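S.K.: Input: one structure, supplied below.
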Amino acid sequence: MIPELAAAIERGESVVLATVVQSRRSVPRRPGAKMLIYSDGRILGTIGGGEMEHRVKLDAAEVLLDGKPRLSNYSLVDPSEGDPGVCGGEVDIYLEPYMPQTPLYVIGAGHVGHAVSDLAQWLGFKTMVWDDRSEVLETVVEAEHADVAMSGAIANAIEQHPVSADASIVVVTRNVALDLEILPHLLATPARYIGLMGSLRRWEKTRTGLAKMGIGDDDLDRVQAPIGVEIHAETPAEIAVSIMAAVIGNRRGT
């Protein structure tokens, strides 16, 4: 059970580990019984089967949504009263979510990109750092602030490390020309958040250029620019705080 839990996380799957922690009177499984519930509804193992197990699966789906563990009580006495069984006992089951690290793509490994990747790792994100300049990227690698370091063409980097719908992208590049080169590839991904560093004037110029390339308004409106929460940040570290606050706020629905 535990090896499969670890394997699921390694594959990037979210799972819930359901464990019987206490039972009273007659129940199908005793404390210590475990079951894995995957995000697609698959299970491994059993904590009793039947209607009770079905309800545990439904509760596990809610646990995956809010990311918080819960202790649930199931009374197996009277189905006419809504109980999920007739065994005559009660069981407490602990539902514990295990979710893979949230991916954050940092596009640009300059001073701000370095600070963002550093802070993002501390916050528990899986950092995927890209820069077209291998010598600049090396500073992030040497500091061990990149879980994955990528260089070369952005299209190749994304092909090798696909962007999921749960990923956030932080674009902290050095000029408009580079933004025009890479943003079409980033906008072709299902990333939940794409933020671009720079002034409003820079974004207006970039947006105009992208529109001339055939990028539609719906895609352009996905870009949050200027990126970050306004805290009057000045240093790279302060800007990183501003950026990560925006990323976290997006994930929390604020």
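The values are calculated or read from the model by the stated rules, or taken from the named source; none is laboratory data. Please read these numbers as outputs of a predicted model, since none were measured by experiment. Don't worry about glycine lacking a Cβ; one is built from the backbone with ideal geometry, like all the others, and counts go over all protein chains shown. Only protein heavy atoms, including side chains, enter the accessible area calculation; ligands, DNA and RNA are left aside. Shrake-Rupley method; radii C 1.70, N 1.55, O 1.52, S 1.80 Å.
S.K.: Going by the conditions given, is THR139 open to solvent by less than 20 Å² (accessible area, probe 1.4 Å) and without any contact (Cβ under 8 Å) to a residue 40 or more places away in the chain?
M.R.: no
S.K.: Would you pick out the residues in the stretch 196-253 that are of a type outside the set (Ser, Thr, Tyr), in a helix (DSSP H, G or I) and more than 25 Å from THR127 (Cα to Cα)?
M.R.: LEU200, ARG201, ARG202, GLU204, LYS205, ARG207, GLY209, LEU210, ALA211, LYS212, ASP217, ASP218
S.K.: Only one of ASP118, ASP132 is open to solvent by 50 Å² or more (accessible area, probe 1.4 Å), in contact (Cβ under 8 Å) with a residue 40 or more places away in the chain, outside any helix (DSSP H, G or I) and not β-branched (Val, Ile, Thr). Can you tell me which?
M.R.: On inspection, the qualifying residue turns out to be ASP132.
S.K.: What's the total number of residues in the stretch 148-188 that are in a loop (DSSP other than H, G, I, E, B), crowded, with 17+ Cβ neighbours inside 10 Å and either touching a Ser or Thr at 6+ places or on another chain (Cβ under 7 Å) or without any contact (Cβ under 8 Å) to a residue 60 or more places away in the chain (or both)?
M.R.: 2
S.K.: Return the pair list, or none, for Cβ contacts closer than 7 Å from residues in the stretch 196-216 that are at negative phi and open to solvent by less than 100 Å² (accessible area, probe 1.4 Å) to residues that are part of a helix (DSSP H, G or I) and among the aromatic types (Phe, Trp, Tyr), at least 6 apart or on different chains.
M.R.: LEU196/TRP203
S.K.: Further question: For the stretch 41-51, does any single residue satisfy the condition of being of a type in the set (Lys, Arg), within 30 Å of PRO103 (Cβ to Cβ), open to solvent by 30 Å² or more (accessible area, probe 1.4 Å) and within 22 Å of the chain's Cα centre (by Cα)?
M.R.: Checked the stretch 41-51: at least one residue is of a type in the set (Lys, Arg), within 30 Å of PRO103 (Cβ to Cβ), open to solvent by 30 Å² or more (accessible area, probe 1.4 Å) and within 22 Å of the chain's Cα centre (by Cα).
S.K.: Can you spot a residue in the stretch 74-95 that is under 30 Å from ALA233 (Cβ atoms) and at pLDDT 90 or above?
M.R.: No, every residue in the stretch 74-95 fails to be under 30 Å from ALA233 (Cβ atoms) and at pLDDT 90 or above.
S.K.: Inspect all residues belonging to the stretch 79-98 and state whether any of them is over 30 Å from ARG30 (Cα atoms), in a loop (DSSP other than H, G, I, E, B) and either among the small types (Gly, Ala, Ser) or in contact (Cβ under 8 Å) with a residue 24 or more places away in the chain (or both).
M.R.: So far as the stretch 79-98 goes, no, none of its residues is over 30 Å from ARG30 (Cα atoms), in a loop (DSSP other than H, G, I, E, B) and either among the small types (Gly, Ala, Ser) or in contact (Cβ under 8 Å) with a residue 24 or more places away in the chain (or both).
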